[in-house]
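A short write-up of the structure that comes next.
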Amino acid sequence: MSRVLFNTLSSLLFLLFAFPATAESVRGGDLVVEAPWARASIGTSRPSAAYITIRNEGSSADVLTGIETEISSMPEVHEIKTNDNVSTMSPAGPVEIPAKDAVKLAPGGLHIMLIGLQRALVEGERFPMTLIFEKAGRVNVSVPIYSLGASGPEE
Amino acid sequence: MKTVRLTLWGAVVVASAAFLWLYTSQGSNQRFVSELSQNTDTLRPEFSLTDHQGNAVTEQTYRGKWLLVFFGFTNCPDICPTTLGELAQLMDLLGPDAQKTQPLFISIDPERDRVETMAEYVSAFHPSIVGLTGTETEVTATAKSFKAFFEKLPQETAPDGYTMGHTSAVYLISPEGVFVRTYSYGTSPEKIAADVQQRL
Ligand SMILES: [Cu+2]
């Protein structure tokens, strides 16, 4: 009996470690990228957007220099600026991830604009995306697709 | 002869003043929304547009309903879908009170957002959201009437080579058609619901 209990416990513990609480979290060097998600699209004629949080646990800054993904012919980090209730969007250029800090790409701020969709983004599906950093190099993530009207990874 | 010349000169002065006034008021487009906070009870937005089902509509079409009006464009991947998603949540939060309100999504990119595009787009968010578009002239007149701002921004990497800057606040218009307030981008659906419900 105790043996069965022990086995159950150890496999439970194993599962706990195999699947940490932050399910969508990938480490690359000093960086931890977490909670990626993208917005579903209607067909492929209009661009969509992906979001992610990048934590830098190291003691020096890193820079997000590029994005690669098969889903978009031109993924690009964009920034929304809102002044006096007027919002405009423009390419953000390289994004610095300060040491011991985090940069959150989220609606109303930074997003990865998925221009030239190669296929429709269907809610519930996933696609692979690679973030390219100056120091940490290439970090691969699997991006879950949420609804068109989603506003965060918790949905 | 002298009076004719004098009258003509007078007309020139009046026309120049009018031109200057128009020119400067266009230049201050960007401040329209903040001006709203000082001058709220007089604004009665008017429009003449086409809804996503192809019907010609005006502000009169929606008299009797609290309007939640958002300007945007369907090629917008961030602000617009986020706000429309939140308006959809808002309608669900309002429950039976949703019948007293009408969310309107007005395109400021009529070149790309035709009636069919609007139909496909708004219906993906919530059955209650109505999408409006029109000719460039109609859309410009509508934005002016709401004191909303929009501009076409050339951008090399953007689809079709341009993107749009636009007022991103949601307008609340009373059932009598009078401007009440704006909710700036990112105001939670819960907050908007509470604010709307205390007015019903
Ligand atoms: Cu963008």
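The numbers here are math on the coordinates, done by the rules we state, and not lab data. Remember, it's a predicted structure, so these values are computed and weren't measured experimentally. Please note: Cβ atoms are built from the backbone with ideal geometry, for glycine as well, and neighbour counts cover all protein chains shown.
Here are some notes:
- With an a/c value of 1.5 or above and a/b not larger than b/c for the gyration tensor axes a ≥ b ≥ c computed over the alpha-carbon atoms, segment A:22-146 is described as oblate.
- Spin-label pair A:Thr130-A:Ser25: with each label point 7 Å from Cα along the Cα-Cβ axis, the two points sit 2.5 nm from one another.
- Reachable lysines, given that their alpha-carbon falls under 29 Å from the alpha-carbon of A:Lys100 and they are not under 8 places away in the same chain: A:Lys81, A:Lys135
- Backbone HN-Hα couplings from phi across segment A:45-61 [Karplus 6.51/-1.76/1.60, Hz, Gly and Pro as x]: 7, 10, x, 10, 9, 10, 9, 6, 10, 10, 9, 10, 8, x, 9, 9, 5
- Placed amide H near A:Val86: partners under 5 Å, 5+ positions off or other chain: B:Ser168
- Stretching A:Ala102 away from A:Val122 to a fully extended chain increases their span by 4.3 nm, per 0.36 nm per residue minus the current alpha-carbon distance.
- Cβ crowding within 10 Å ranks B:Val122, A:Val122, A:Val103, A:Val141 as A:Val122, A:Val103, A:Val141, B:Val122, fewest other Cβ atoms first.
- Note on B:Ser188 and B:Arg114: the model spin-label points, each 7 Å out from Cα along the C-beta direction, lie 4.2 nm apart.
- Using the Cβ of B:Ile108 as centre and a radius below 13 Å, the other residues enclosed give a net charge of -3, where K and R count +1 and D and E count -1.
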